[in-house]
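Please treat every number below as a calculation from the coordinates, not as lab data. All values derive from a computational prediction rather than experimental measurement. Quick reminder, even Gly has a Cβ in these numbers, built from the backbone with ideal geometry, and neighbours come from all protein chains shown.
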Amino acid sequence: MKPLLEMNHITKTFPGVVALSDVSFKVYPSSIHCLVGENGAGKSTLMKILSGVYAHHEFDGEIHFNQERVQFNSLKDSQRLGIGIIHQELALIPELSVYENIFLGNEIKKGSMIDWNETIVQSMKYLQMVGLNVVPEEKVKNLGVGQQQLVEIAKALSKNLTLLILDEPTAALNDEESENLLQLLRNLKSNGVTSIMISHKLKEVVSVADSLTVLRDGKSVLDIEPSNEPVQIPTIIKAMVGRDLNEIFPKRVKHTSEDVILRVSNLRGYDKSKQRHVVKDISFELRRGEVLGVAGLMGAGRTELAMTLFGNANNYVMSGTIEMENNVVSIKTPKEAIDLGIAYVSEDRKGNGLILIQDIKENISSAGLKRLSQYGFVNPNEEIKVAQQYKQDINIKTPSIAQKVKNLSGGNQQKVSLSKWLYTSPKILILDEPTRGIDVGAKAEIYTIINELVNQGLSIILISSELPEVLGMSDRVLVINEGVSTACLDIDAASAEEVMMYATQ
Amino acid sequence: MTSFMKELWVQLKLNVRDYGMFIALAVIMAIFSYLSGGLFLSPRNISNLFNQTGYIAVLAVGMTLVIIIRHIDLSIGFVAGFIGAVAAILMVQYQVNVWLAIIIVLALGTLIGLWNGFLVAKMNLPAFVATLAGMLIFRGALLQVTSSTGTIIIPNRFFNMISNGFIPDIMKGRLHVLTLIIGFLGIAYYIFSEFKTRQSKIKYNFEVVSMPLFLSKLFFVSAIITWVVWILANFNGISYTVIIVGVVVMIYHTLMSKTILGRHIYAVGGNPDAAALSGISVNKITMIVFSSMGFLAALSGIMFASRLQSATVTAGTLFELDAIAAAFVGGVSAKGGVGRVTGSIIGAIVMASLSSGMNLIGLDISLQYIVRGLVLVIAVVFDVKTRNVK
């Protein structure tokens, strides 16, 4: 049988980063191909190339579709050939009805006007195909996430679909919804629609895949064709994590205190806007002076866990208990968390970590102004002194602390963010992706700072999607999967394979 | 000398946003002075200009804070009109003591502001909508309370002094001596504080301009203050309006630049999400800022009623737009987080100078609106274009 799709020697670079390097794979008609890999392995980039989000001159390599070389300039070009992509973030308009959404951008016309009656009739046909049992007039916002996903698929089907790409379709679904979705993919397959699915859930992958590709650091490391023998989960995990540990982590002393500073039991958090539990059942202990790594895949609820601990900053409906230094505490706002000695260095420096239009010293003092003030008046000289001190201590590279933060590099911005929180003199420091988007040199500096801080007795929760970072920097590792804490491993006993196992089970 | 000129040029270019307004003001004043044959810069006209700017200036101060936190308040014009009417009714119909009446209406204004803040912060209404509703409501309220009487004449001498009176002099003579003394004390304080700032900057190794340039700046600013004081002293001296606006500006300037509350306001405007994660209650700051706006709207209402010596049924019409224009002309960013109270005051003076100058040369009112609109556009374009100059 000839392949429906061939991607040959795809290489894509961003300034300073090779996102994909010589990746090739084939997908055969009426099959399901799975794409697996850690966060940042290059899966989404590969699919953006396939769907034409990156135009053909923006990467090297060839795409063959139906035996013909194709060159896409935009999403529209790939759609014309019957390639549809469904992103993790659903692209539906909540206030519009199901049928309006399905034919949005692809309206059925009578003359120059939209033929609404025909639209509704047609939409019912596609709803039936995806097995969604709602009236077409229903507004999309009233549907659950699983149902919305089906609407997306119906929308894709309405455009003469031959190849359907799904980016982590089951990440936000419960077990039953996930199983329904996988069944739908199998049904579509028997009706001649081929699918490519990106997924972190390896159980699903082995149950549904006819062929699969594992990506690691932008390279294809495992390629299973339909004719090959079915693959086992441990094999996939080994391929996913077996990278060279080329990142150097500073030597560190292991901290094995028995003194528990924070104990979290059966923590649950319900997100009202997403209408689901983002934290389902998390229990763990943080010991004084240790680094507790938090590992988990995208959407596992790592940042959400941090938000619940940091004064419920996202206003979830919470249950469970948090004990700090053996006292049960109820922390309702970030201010209360800060007063108790909890600090949170955000993963999103620009979005909610720093005030970019303000200068370095104002950012550093912004969470600890009380310490700088008397009768509500800020002492400007003291503020300058503090900022100068941090500039020196953790090496913020800038000509002046009066420099606007937006003019700093990612690494220096992160150091400002770190200084800001250290100045609140915390007992517990939550670091959320502390090295995301910063260069290797700054990374190493941040690692050294982390080690110094725990040596000084600070307790750190280190959230990271980079497994080597978690393994290289932690004393113990908490693994989270879909909002549930699945394991807490001592670093000496933790291997990448084992962590990945608990993160994907 | 050439290096001096070079540095001056570099500094002007770097701080074009700060000096731009002053240059614009100087140009406007020069043009109208020429067109009016010197009448524009006469002591009487300048004194009048300040008194007419007063009730817009205090609104512009409050609006600066509102815009900094990324909101807007459209209700303040008719709130001011309504408050003026309430003050008049209290004094005329109920014979309430003038001080008590002032305190009551200031409290009422603050409550109205709190209501707006509540709608925006707790009910999540867009400020535009919440205060547009307020605009309608208080326009109606103003018509309601004045429906039986029409214009209410305020006979209270003390009340009418607020926007028409001048500080008494210590000596009889052609020149107003107390005004001169206050002016020179002001200059002394200005020079003293500039030196102090410079010293502490040097102490922390911050860049400072060279001594000749520094002294030139001191001389230049002092000369301007002297000139203004001289003009005022040649008429009736400093008016109570100038004193009131001066006090309001001083309090708000200190609040915004020196206190935790001010920092929190800038933080909320600069990045509300980051502010919230820094332990700042965005809702609380929003309520405080709208309450302060309400308080200043009430003050503006008092000043306007005093100026006209009466409460009228149309008092406050379009005040909000003058205040918003003043703030934008004064360099407040519509994107939030950036702006100075002192800038907005200059903005208010720029807009008032335009109106006053155009009136003086007898420009038709229709053209006056068009010119003011264009100046607002030019000011904001200038602001946007110079924003990213490093």
On the formula 1/(1 + (r/R0)^6), with r taken between the Cβ atoms of A:Asp339 and B:Lys201 and R0 of 41 Å, the FRET efficiency rounded to 0.05 is 0.75
Everything considered on the Cα gyration tensor (a ≥ b ≥ c; rounded for a/c under 1.5, else prolate if a/b is larger than b/c, else oblate), segment A:5-241 must be described as prolate
Would you calculate, for the protein assembly as shown, the mean residue ellipticity at 222 nm contributed by helices, counting each DSSP H stretch of 4 or more residues as -39,500 (n - 2.57) and dividing by all residues, to the nearest 500? -16500 deg cm²/dmol
Projected convex hull area of segment A:67-108, Cα atoms, direction-averaged, in nm², equals 4.3
Put in order of increasing Cβ neighbours within 10 Å, starting from the fewest, A:Ser365, B:Ser257, A:Ser31 give B:Ser257, A:Ser31, A:Ser365
Kirkwood-based Rg over Rh for the protein assembly as shown (C-alpha set), two decimals? 1.04
Rg over Rh [alpha-carbon atoms, Kirkwood Rh] for segment A:354-425: 0.94
Using the Karplus curve 6.51 cos²θ - 1.76 cosθ + 1.60 with θ = phi - 60°, work out ³J(HN,Hα) for each residue of segment B:5-22 in order, rounded to whole Hz, and write x for Gly and Pro. 5, 5, 5, 4, 5, 4, 5, 4, 5, 5, 10, 4, 5, 6, 7, x, 4, 5
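Check each of the chymotrypsin sites (Phe, Trp or Tyr not before Pro) in segment A:307-393 and keep only those in coil by DSSP with at most 13 other C-beta atoms within 10 angstrom; list them in order.
A:Tyr375
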Anchor A:Lys2: lysines whose Cα lies under 27 Å away (excluding residues fewer than 8 positions away in-chain): A:Lys12, A:Lys26, A:Lys43, A:Lys48, A:Lys76, A:Lys159, A:Lys189, A:Lys219
For the residue pair A:Arg436 and A:His9, what label-to-label distance in nm results when each label sits 7 Å from Cα along the Cα-to-beta-carbon direction? 3.6
Does anyone have the angle between helix A:145-157 and the longest principal axis of chain A? Alpha-carbon axes, 0 to 90°, nearest 10? 40
Reachable aspartates and glutamates, given that their alpha-carbon falls under 16 Å from the alpha-carbon of A:Lys335 and they are not under 8 places away in the same chain: B:Asp273
Based solely on C-alpha atoms, express the radius of gyration and the Dmax of segment B:1-158 in angstrom. 21.7, 71
Which ³J(HN,Hα) values in Hz, rounded to whole numbers, follow from the phi angles of segment A:482-492 under the Karplus curve 6.51 cos²θ - 1.76 cosθ + 1.60, where θ = phi - 60° and Gly and Pro get x? 6, x, 10, 7, 9, 6, 10, 10, 6, 4, 5
How far apart, in nanometres, would the label points at B:Leu100 and B:Phe192 be if each is projected 7 angstrom from Cα along the Cα-to-Cβ direction? 4.1
Which of A:Lys391/B:Lys385; A:Lys361/A:Lys404; A:Lys251/A:Lys443; A:Lys139/A:Lys272 exceed 20 Å between C-alpha atoms? The answer is A:Lys391/B:Lys385
Between A:Ser273 and A:Asn191, what is the spin-label point distance in nm, taking each point 7 Å from the Cα along the Cα→C-beta axis? 3.5
Please figure out what share of the DSSP beta bridges in the protein assembly as shown is antiparallel and state it in percent, rounded to the nearest 5. 60
Once the Cα atoms of segment B:275-390 are picked out, what are the Rg and Dmax in Å? 17.0, 55
Residue-wise, which Karplus ³J(HN,Hα) couplings in Hz belong to segment A:309-323, taking 6.51 cos²θ - 1.76 cosθ + 1.60, θ = phi - 60°, and x for glycine or proline? 5, 8, x, 6, 4, 9, 6, 7, 7, 10, 9, x, 10, 10, 10
FRET efficiency estimate (nearest 0.05) - Cβ-Cβ, A:Glu452 to A:Gln374, R0 35 angstrom: 0.65
Nearest-0.05 FRET efficiency for A:Trp116 and A:Gln67 at R0 = 35 Å, using Cβ-Cβ distance, is 0.30
Sorted largest first, the Cα spans of segment A:159-250 on the principal axes come out in Å as 52, 31, 26
Across 5 Å bins from the origin, how do the percents of Cα pairs in segment B:168-238 run, short distances first? 3, 16, 21, 17, 13, 10, 8, 6, 4, 1, 0
Counting only DSSP beta bridges with both residues in chain A, what percent are antiparallel, rounded to the nearest 5? 60
Which log10 I(q)/I(0) values does chain B give at q = 0.10 Å⁻¹ under the Debye formula, counting every alpha carbon as one identical point scatterer? -0.70
By how many nm would the segment from B:Thr314 to B:Leu14 lengthen if fully extended, with 0.36 nm per residue of separation less the alpha-carbon distance? 103.6 nm
Using 0.36 nm per residue of separation minus the Cα-Cα distance, give me the extension gain between B:Ile378 and B:Leu125 in nm, one decimal. 88.0 nm
At 1.567 mPa s and 4 °C, Stokes D of segment A:1-79 from Kirkwood alpha-carbon radius, µm² per second: 100
Over chain A, with a single point scatterer placed on each C-alpha, what log10 of the ratio I(q)/I(0) does the Debye formula yield at q = 0.06, 0.07, 0.13, 0.14 1/Å? -0.33, -0.44, -1.29, -1.39
Which length gain, in nm to one decimal place, applies between B:Trp230 and B:Gln368 when the Cα-Cα distance is subtracted from 0.36 nm times their residue separation? 46.7 nm
